[in-house]
Amino acid sequence: MIRAGIVGITGYTGEELLKMLMRHSGVKLCAVYGRNHGKNIANVYPAFSGLNLKICPIDAQDITKNCDVVFLALPHGVSFDIVSQLIESNIKIIDLSADFRINDVKIYEQWYNVKHCAGKYLSNAVYGLCEINGEKIRNAKLVSNPGCYPTSTLLACAPSLKNEIIDFNGIIIDSKSGISGAGRTAAKNYFNTEHPNFTSYKVAGTHRHIPEIEQELSKMANSKIMITFTPHIMPVERGMFTTVYLNLKRPCCSCEIVEAYKDFYNDTPFIKILDEDKMPSIKSVINTNYCEIALKVDKRTNKLIIVSAIDNLVKGAAGQAIQNMNIMFNLPESTGFF
């Protein structure tokens, strides 16, 4: 039985991790850590009234003593200290913040406006996009869980880049997230004052997931890639819907590309490549770890249009983190989900 701990329990991601780990047959949730230490978890989440688990102060020695794996569900810029203390221990670390996603310290500091205090450990971190980096994850001690926007985009684009179907220039990404992606406080304010509303934000190359997406797309393509990325907020609590527009290198038909994608993701339990006549929907993926992907060729403009849908709190956060844990402990990737 894997002994697991969660650091940071009061946000959407911490709550989702709690739910999912509680029903994982291979895991014993041994400890939760956070700023509300001293309280029982049931005081924070009444739905867990039967769970006699007290929130502890964040302490590296206690984590090392009680856990085989720890999930860091902390704000960006907060994971440096605890990772630095845990990295030399035998514990496996899955960080759900952006603190170890960006390979270049200067780029991280430019986009997140935080001084990176653990740059020497970036080489230890494996980018936890399970369907692409599975073998690296298997041997990792520190996994950096991808962001939700990058997950929906990278899974949509990977086969096209690796099979050299598309031109690497002029990639346009239009992505829409449920309000939970902005965090619990922002969601509360939204539902109290603005709901229902639909709006774009961080337009014209200012969203901080851009360097993460460009970094990983460039690795897949083995070539420098820049993107145009526009995020939006949908009037729903959870879910993410991404549309990517790419220029084809050569004339292709939709059926050819659909088959290439099905072949690429053949052995992956959570990627659903839809047939030509179907489109993804957030309703189909809510509360699951699935990513639905559909592909259409616009012959008139010679563009490939890729549409993907995920649950931003599951495949885009907690679910992918647990999938990473399964890989790190040599369990089937779907353990705890079905």
Is it fair to say G170 is under 25 Å from T288 (Cα atoms) and small (G, A, S)?
no
Restricting attention to the stretch 179-189, does a residue exist that is farther than 22 Å from T10 by Cα, in the same structural domain as S281 (by TED's automatic domain parsing), modelled with pLDDT under 80 and not in a strand (DSSP E or B)?
no
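How many residues does the stretch 58-99 contain that are under 20 Å from the mean Cα position of the chain (by Cα) and part of a loop (DSSP other than H, G, I, E, B)?
Filtering the stretch 58-99 down to residues under 20 Å from the mean Cα position of the chain (by Cα) leaves 69-80, 83, 92-99.
Those left that are additionally part of a loop (DSSP other than H, G, I, E, B): 73-78, 96-99.
Count: 10.
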Take the residues of the stretch 63-91 that are in contact (Cβ under 8 Å) with a residue 40 or more places away in the chain, buried (at least 20 other Cβ atoms within 10 Å of the Cβ) and touching a Phe, Trp or Tyr at 6+ places or on another chain (Cβ under 8 Å): which is farthest from K141 (Cα to Cα)?
I63
In the stretch 20-62, how many are surrounded by 17 or more Cβ atoms within 10 Å (Cβ to Cβ) and out of contact with any Leu (no Cβ under 8 Å at 6 or more places or on another chain)?
9
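When you scan the stretch 234-254, how many residues do you find that are surrounded by fewer than 21 Cβ atoms within 10 Å (Cβ to Cβ) and either closer than 17 Å to I273 by Cα or not charged (D, E, K, R) (or both)?
Number satisfying all stated conditions: 11.
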Go through the stretch 28-50 and give me each residue that's within 21 Å of L74 (Cβ to Cβ) and hydroxyl-bearing (S, T, Y).
Y33, Y45
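Just to be sure before I move on: is I9 over 20 Å from M328 (Cβ atoms), touching a Leu at 6+ places or on another chain (Cβ under 8 Å), in contact (Cβ under 8 Å) with a residue 40 or more places away in the chain and among the hydrophobic types (A, V, I, L, M, F, W, C) in the structure I sent? Step through it out loud before you land on a result.
Working: over 20 Å from M328 (Cβ atoms): yes; touching a Leu at 6+ places or on another chain (Cβ under 8 Å): yes; in contact (Cβ under 8 Å) with a residue 40 or more places away in the chain: yes; among the hydrophobic types (A, V, I, L, M, F, W, C): yes.
Answer is yes for this residue.
Look through M220, M240, M279 and report the one residue that is out of contact with any helix residue (DSSP H, G or I) (no Cβ under 7 Å at 6 or more places or on another chain) and aliphatic (A, V, I, L, M).
Numbers: M220 fails: out of contact with any helix residue (DSSP H, G or I) (no Cβ under 7 Å at 6 or more places or on another chain); M240 fails: out of contact with any helix residue (DSSP H, G or I) (no Cβ under 7 Å at 6 or more places or on another chain).
Sole residue among the options that is out of contact with any helix residue (DSSP H, G or I) (no Cβ under 7 Å at 6 or more places or on another chain) and aliphatic (A, V, I, L, M): M279.
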Matching residues, the stretch 15-45, being out of contact with any strand residue (DSSP E or B) (no Cβ under 6 Å at 6 or more places or on another chain) and under 14 Å from I58 (Cα atoms)
R35, G38
Against the conditions (1) modelled with pLDDT of 90 or more; (2) in contact with a Lys or Arg (Cβ under 8 Å, 6 or more places away or on another chain), where does T10 fall short? Just the number, please.
(1)
Report, by residue number, each residue of the stretch 117-138 that is modelled with pLDDT of 95 or more and either touching a Lys or Arg at 6+ places or on another chain (Cβ under 6 Å) or in a loop (DSSP other than H, G, I, E, B) (or both).
V126, G128, L129
Filtering the stretch 139-156 down to residues that are assigned to a loop (DSSP other than H, G, I, E, B) and not polar (S, T, N, Q), which residue is surrounded by the fewest Cβ atoms within 10 Å (Cβ to Cβ)?
K141
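Rundown of residues vs (1) outside any strand (DSSP E or B); (2) surrounded by fewer than 18 Cβ atoms within 10 Å (Cβ to Cβ); (3) touching a strand residue (DSSP E or B) at 6+ places or on another chain (Cβ under 9 Å), yes/no style:
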position: E256; (1), (2), (3): yes, yes, yes
position: S284; (1), (2), (3): yes, yes, yes
position: A294; (1), (2), (3): no, no, yes
position: N330; (1), (2), (3): yes, yes, no
The condition from (1) part of a helix (DSSP H, G or I); (2) buried (at least 20 other Cβ atoms within 10 Å of the Cβ); (3) not charged (D, E, K, R) that I102 misses is numbered (1)
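The values are calculated or read from the model by the stated rules, or taken from the named source; none is laboratory data. This one's a predicted model, so the numbers in the text were calculated from it and none came from an experiment. All Cβ positions, even for glycine, are placed from backbone atoms using ideal geometry, and neighbour counts span all protein chains on display.
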